[in-house]
Amino acid sequence: MFYRGKVTVDPEQLTHIRIEKPVDNFKKLFYHITGGKVGDKKEIETLKAISIIQQLHSTFTSLGINNIIRINHDNIEIYFDKKGEKEDFDFAIDKYSIEIDESMSKYFDTLWMVLEHEDEEFKYLIEISVNRNHKVNEYPIEIIVSGLLKEFGGYKKEQLNNKLNSVFKSQKRYDQFVNNTHGKFDSFLNTLTFELKKRIRIDDVKIQTKNRLIVQKEKPSENRSKDKQVNYAGTPYSYYGFDNFLLYSILWSEFCFDRNIHVSDVEIINESGHLFGEIDESGIDAIEGTIFDNDVSIDQLSDVGGTTLFESDSLTDGGGSGFFDSISESDGGGWFDSISDSFDSDF
């Protein structure tokens, strides 16, 4: 089990965002995307996008979050840390500046950044997407935070069984643990949102949180690739330093089944991160139905009261909520058209 939060900026509030001209590495980033020009519509929109990313970065820096895993430019992988480098943001921007070229800059639609962070309770994966164009009523600024429980990371199965036994001692103990840790995860998201509001200076930032359970509905391949598709978001096990949390997450659902825990208000995913079921607030006893039974495949799942199953041929994270799924050319251009030009274009 892990927690997943989504922080989004309401599109109706975008006109209130104050645009600041890029400085330091963001000035370099803007230069290499546009050649330093601010003239036509696309160049101005790009400037606005870089300004927003700069404000997002300032938010994370204020919270001590400075480890970057990934930078992606319109489905082109620019930087991907597979060794666990620390405080590597400047290095990643330098790499970006070397690899960017005119053909890439002309078609800028989305920049995607992935950061990592730790505190006493959680190991976080933070995925940031800024979309220049987007579908109507979808959010152009989206932050997805996955929080994995540190106290269960890096242990072998026998050790984990002993640690999980204390959590699953009773239904009461289980509920107390989940409520306590979920509250701490919410506290982190609230702090992040508070800092975000201070820097982007808007009032309406929405937060959604969910518990997620991994159920082993597919046998992992020995040569399973660690590199997920680009628009994959929400399960961090493909990234360096996160894969050793996979075992506790799988064992969690097995303990639920073995102890017949009453589970409520969670999303159910498989090991690849595909969302195939959801349990509502009323919940179910884990032994009911087939969703927690590892001997039953996805295709054999049956509906039980309190659960919703999704079609197996449309398995996507969040039912199609991947960052790049939302990109389209809207009739009015991009959302940046509506943002006030409160910046000095003299670079």
**Prompt:** Scanning region 234-257 for residues that are among the small types (Gly, Ala, Ser) and open to solvent by less than 10 Å² (accessible area, probe 1.4 Å), which turns out modelled with the lowest pLDDT?
**Reply:** Gly234
**Item:** Among the residues listed as Glu127, Glu142, the single one being open to solvent by 10 Å² or more (accessible area, probe 1.4 Å) and outside any helix (DSSP H, G or I)
**Value:** Glu142
**Asked** Based on what the data block shows, is Leu192 modelled with pLDDT under 95, aliphatic (A, V, I, L, M), crowded, with 18+ Cβ neighbours inside 10 Å and in contact with a Phe, Trp or Tyr (Cβ under 6 Å, 6 or more places away or on another chain)?
**Response** no
**Message:** Filter region 270-287 down to the residues that are at pLDDT 85 or above, part of a loop (DSSP other than H, G, I, E, B) and open to solvent by 20 Å² or more (accessible area, probe 1.4 Å) and list them by number.
**Reply:** Asp280, Glu281, Ser282, Ile287
**Asked** Condition test on Asn260, is it in a loop (DSSP other than H, G, I, E, B), among the polar types (S, T, N, Q), at pLDDT 90 or above and more than 25 Å from Lys6 (Cα to Cα)?
**Response** yes
**Prompt:** Any residue in region 315-326 that is in contact with an Asp or Glu (Cβ under 6 Å, 6 or more places away or on another chain) and at pLDDT below 85?
**Reply:** yes
**Request:** Being acidic (Asp, Glu) and free of Cβ contacts under 8 Å to residues at least 24 places away in the same chain is the filter; apply it to region 288-299 and report the residue that is most open to solvent (accessible area, probe 1.4 Å).
**Result:** Asp295
**Request:** Any residue in region 72-84 that's among the β-branched types (Val, Ile, Thr): show its pairings with residues that are surrounded by 13 or more Cβ atoms within 10 Å (Cβ to Cβ) and assigned to a loop (DSSP other than H, G, I, E, B) at Cβ separation under 8 Å, as long as the two are six or more apart or on different chains.
**Result:** Ile78/Ile100
**Request:** Might you check whether a residue that is in a helix (DSSP H, G or I), within 26 Å of Gly147 (Cβ to Cβ), at pLDDT 70 or above and among the hydroxyl-bearing types (Ser, Thr, Tyr) occurs anywhere in region 45-58?
**Result:** yes
**Message:** For region 195-225, give me each residue that is at pLDDT 80 or above, open to solvent by 80 Å² or more (accessible area, probe 1.4 Å) and either assigned to a loop (DSSP other than H, G, I, E, B) or of a type outside the set (D, E, K, R) (or both).
**Reply:** Gln208
**Request:** Taking Glu267 as the residue in question, decide whether it is at pLDDT 85 or above and surrounded by 13 or more Cβ atoms within 10 Å (Cβ to Cβ).
**Result:** yes
**Prompt:** When both residues are 6+ apart or on different chains and their Cβ atoms are under 8 Å apart, which pairs have a first residue that lies in region 85-101 and is at pLDDT 70 or above, and a second that is open to solvent by 80 Å² or more (accessible area, probe 1.4 Å) and in a loop (DSSP other than H, G, I, E, B)?
**Reply:** Phe91/Glu85
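The values are calculated or read from the model by the stated rules, or taken from the named source; none is laboratory data. Small disclaimer: the values here were computed from a predicted structure and weren't measured. Cβ atoms come from the backbone with ideal geometry, glycine included; neighbour counts cover every protein chain shown. Just the protein is used for accessible areas: all its heavy atoms, side chains included, with ligands, DNA and RNA removed. Shrake-Rupley method; radii C 1.70, N 1.55, O 1.52, S 1.80 Å.
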